[in-house]
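Following: one structure in structure tokens, then a few remarks.
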Amino acid sequence: MAGGRRAILITGGTSGIGLALVRRLAPRHDLLVAGRRAPDDAAAVLPQGVRYVHAPLTTPEEAVRTVAEAVLKAGWVRLDNAILNAGVGFAVPGGIETAGQIRATLDVNLTASVMLARTLHPWLARAGGTLTLVGSVARRGQGLFPAYAASKAGLHGLARALRSEWRDTVAVQVIHPGPTRTGMHAKAGHDPGRLGAVFLPAGPVAAMIEGAIAARRSPVTVSHGRFVAGGALWSRRL
Amino acid sequence: MTRALVTGASAGLGRAIAERLAAEGHDVTGVDRDHPGAEAPFAHIACDLADRDSVDALAARLIEDGPFDQTVLNAGISATGPFEAIPAKAHARVMAVNAEAPMVLCAALARAGALSRGGRVVFVSSLSHFTGYPGAASYAAAKDALAVYARSIRKPFARTLGVTVSAAFPGPLRTDHAARHAPAGADAEKRMAPDVAARLILAEAARGRAVIVPGARARWMALAGRIAPAAVTGAMRRIVYDKLDRAVW
Ligand SMILES: NC(=O)c1ccc[n+]([C@@H]2O[C@H](COP(=O)([O-])OP(=O)(O)OC[C@H]3O[C@@H](n4cnc5c(N)ncnc54)[C@H](OP(=O)(O)O)[C@@H]3O)[C@@H](O)[C@H]2O)c1
């Protein structure tokens with residue numbers, strides 16, 4: 001798989017794990033990043049030559065239309081990879097989120113991914129491509145941010161069903177990162193405290209994710225076990 | 001008299017649960033898009049759970065009517081067929097009704113103190129949580145989300161509210177909903193009767209169980225799905241997806 005220049009869509013490529021992935025892939029592939037930031041703010045962090053589309057996923061229907069238009073505008077008739085990585089969560093006391101927090105979490109993490117998968121299918125199928133959903137180890141349950149954990153479990157179930165349905169056309173996978181040192185925890189209103197020191201840095205996590213994408217396996221957990229085994233050093237390149 | 005709330009109460013499993021709770025002497029409020037009919041032994045509130053404003057208005061009204069000793073968040077819709085043959089909007093509706101609405105309602109009632117201390121909340125997920133469900137990918141995703149929401153709030157709700165949270169994972173039921181979405185040639189006799197499922201679910205919830213899988217057959221499938229997830233999803237593909245002759249949403 002290495003060698004060919006790929007057309008790759010990444011959501012939430014403007015910080016954290018997504019940005020680390022963008023930096024790894026940009027020199028060798030054609031990238032389109034979809035994000036919530038205004039284009040100027042995105043341009044300030046993205047490498048030269050990376051295309052960007054402003055598509056906040058809190059309004060999934062509109063965002064999916066905008067992303068599809070951007071793919072067309074880029075002149076892409078096929079999509080080798082769609083990496084649905086954008087994610088949000090809210091840390092709350094007592095496991096009780098507001099309606100707004102639940103809706104934003106489900107919209108960005110789950111509903112937008114479902115709708116993007118549906119809308120991008122023809123492009124992915126033409127390329128025999130790969131659909132990657134970025135989940136989380138929190139998908140098994142987490143009292144600090146219940147809707148976030150729920151959304152990631154939803155992605156797991158989506159991948160499990162779709163991987164089977166699309167086995168002859170598109171490889172579908174879910175990748176569950178473990179705790180990673182990005183801005184996400186602060187954005188979620190959560191301070192991991194001293195635990196934060198053992199979180200993995202975004203760079204190696206992105207390297208392991210790239211390896212898992214190249215291998216097209218599912219489900220894959222990308223965390224300390226894989227890291228300690230040298231996963232970030234030996235992982236395949238896309 | 002204790003109060004009970006059941007969503008999706010006009011038909012199927014929700015109807016069976018609402019009737020059973022009413023027979024046990026609870027003052028039952030049923031929520032549904034459709035009217036349950038004049039003979040229903042419970043009160044009815046009409047609500048389209050796919051509509052956010054309606055859900056918010058419903059939450060406000062239920063908070064007034066509460067607190068509830070038993071809350072069964074059961075309402076669900078499906079979309080079956082090849083994923084790409086179903087419109088994106090229909091998939092979004094499945095997410096809204098099956099995952100978002102029950103989570104929003106539960107959190108709103110909890111925040112307002114409308115869940116009685118010592119009471120319980122039951123989320124109705126699906127056996128697909130253990131087996132996978134090719135042919136209903138968005139339904140499976142939403143039911144997985146709901147299952148893990150229940151698991152996530154179980155501890156904090158017990159600690160701070162004194163409320164027990166359970167998730168139920170029924171397999172195929174003999175309901176109109178199931179008949180509409182079943183593959184061609186499926187045998188309705190193999191499905192569990194809704195009143196049997198209702199009895200088992202309520203009994204297990206009363207025992208405070210976190211995970212409720214009604215029936216030996218469903219428990220066996222759940223176990224197999226946990227031990228060999230890929231093989232069981234493959235079997236589901238052959239049993240369901242390969243036999244679907246139409247897309248329904
Ligand atoms: N960090 C961890 O410990 C961890 C663990 C497991 C899984 N994950 C998952 O990994 C993925 C990346 O997370 P991260 O740690 O890299 O977090 P991050 O640094 O906060 O990055 C999240 C990305 O999603 C974007 N985003 C947020 N809301 C959006 C919206 N409404 N519309 C479009 N884009 C939106 C963010 O935009 P901005 O740049 O403008 O903020 C950012 O680019 C997420 O799916 C997360 O759930 C993270």
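The values are calculated or read from the model by the stated rules, or taken from the named source; none is laboratory data. Keep in mind the model is a prediction, meaning the values are calculated, not measured. Cβ: placed from backbone, ideal geometry, glycine included. Neighbour counts: every protein chain shown. Only protein heavy atoms, including side chains, enter the accessible area calculation; ligands, DNA and RNA are left aside. Shrake-Rupley method; radii C 1.70, N 1.55, O 1.52, S 1.80 Å.
Structure values in brief
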item: Among (1) over 14 Å from B:Thr71 (Cα atoms); (2) in contact with a helix residue (DSSP H, G or I) (Cβ under 9 Å, 6 or more places away or on another chain), the one test that B:Val163 misses; result: (1)
item: Boolean, B:Asp245 is open to solvent by 20 Å² or more (accessible area, probe 1.4 Å), more than 14 Å from every other protein chain (Cβ to nearest Cβ) and part of a loop (DSSP other than H, G, I, E, B); result: yes
item: In segment B:204-226, residue farthest from the chain's Cα centre (by Cα) [restricted to those that are more than 17 Å from B:Gly171 (Cβ to Cβ) and either hydrophobic (A, V, I, L, M, F, W, C) or not in a loop (DSSP other than H, G, I, E, B) (or both)]; result: B:Ala206
item: Selection from segment A:50-64 of residues that are of a type in the set (Ser, Thr, Tyr) and near the ligand (Cβ under 8 Å from one of its atoms); result: A:Thr58
item: Enumeration of residues in segment A:82-111 that are closer than 30 Å to A:Thr169 by Cα and either among the acidic types (Asp, Glu) or facing another protein chain (nearest Cβ under 9 Å) (or both); result: A:Leu106, A:Asp107, A:Leu110, A:Thr111
item: Yes/no for A:Val137 being within 12 Å of the ligand (Cβ to nearest atom), open to solvent by 30 Å² or more (accessible area, probe 1.4 Å) and either more than 10 Å from every other protein chain (Cβ to nearest Cβ) or not aromatic (Phe, Trp, Tyr) (or both); result: yes
item: Conditions (1) more than 9 Å from chain B (Cβ to nearest Cβ); (2) out of contact with any helix residue (DSSP H, G or I) (no Cβ under 7 Å at 6 or more places or on another chain); (3) open to solvent by less than 10 Å² (accessible area, probe 1.4 Å); number of the one not met by A:Ala159; result: (1)
item: Members of segment A:1-49 that are within 7 Å of the ligand (Cβ to nearest atom), of a type outside the set (Val, Ile, Thr) and assigned to a strand (DSSP E or B); result: A:Ala34, A:Gly35
item: Checking B:Lys89 against (1) at the interface with chain A (Cβ under 10 Å from one of its Cβ atoms); (2) open to solvent by less than 10 Å² (accessible area, probe 1.4 Å), the condition it does not meet; result: (2)
item: Among the candidates A:Val71, A:Val67, residue that is closer than 27 Å to B:Lys89 by Cβ, more than 8 Å from the ligand (Cβ to nearest atom), more than 16 Å from the chain's Cα centre (by Cα) and open to solvent by less than 10 Å² (accessible area, probe 1.4 Å); result: A:Val71
item: Leading residue by the ranking (farthest from the chain's Cα centre (by Cα)) among those in segment A:140-155 that are away from the ligand (no atom under 11 Å from the Cβ) and crowded, with 24+ Cβ neighbours inside 10 Å; result: A:Pro146
item: Residue in segment B:160-177 that is assigned to a helix (DSSP H, G or I) and modelled with pLDDT under 95 present; result: yes
item: Filter pass, B:Ala145 being surrounded by fewer than 21 Cβ atoms within 10 Å (Cβ to Cβ), among the aliphatic types (A, V, I, L, M) and not in a loop (DSSP other than H, G, I, E, B); result: no
item: Filter result for A:Thr105 (near the ligand (Cβ under 9 Å from one of its atoms), under 21 Å from A:Met184 (Cα atoms) and not hydrophobic (A, V, I, L, M, F, W, C)); result: no
item: Selection within segment A:172-200 - more than 9 Å from the ligand (Cβ to nearest atom) and either within 14 Å of chain B (Cβ to nearest Cβ) or acidic (Asp, Glu) (or both); result: A:Val172, A:Gln173, A:Val174, A:Asp191
item: Test: residue in segment A:116-126 that is crowded, with 24+ Cβ neighbours inside 10 Å, at pLDDT 95 or above and in contact with a His (Cβ under 7 Å, 6 or more places away or on another chain); result: no
item: Test: residue in segment B:159-169 that is surrounded by 21 or more Cβ atoms within 10 Å (Cβ to Cβ), within 9 Å of chain A (Cβ to nearest Cβ) and among the charged types (D, E, K, R); result: no
item: Among the candidates B:Ser125, B:Ser116, residue that is surrounded by fewer than 24 Cβ atoms within 10 Å (Cβ to Cβ) and of a type in the set (Ser, Thr, Tyr); result: B:Ser116
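Residue by residue, here is whether (1) closer than 25 Å to B:Ala88 by Cβ; (2) not hydroxyl-bearing (Ser, Thr, Tyr) holds:
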position: A:Gly49; (1), (2): no, yes
position: A:Tyr52; (1), (2): yes, no
position: A:Leu57; (1), (2): yes, yes
position: A:Ala68; (1), (2): yes, yes
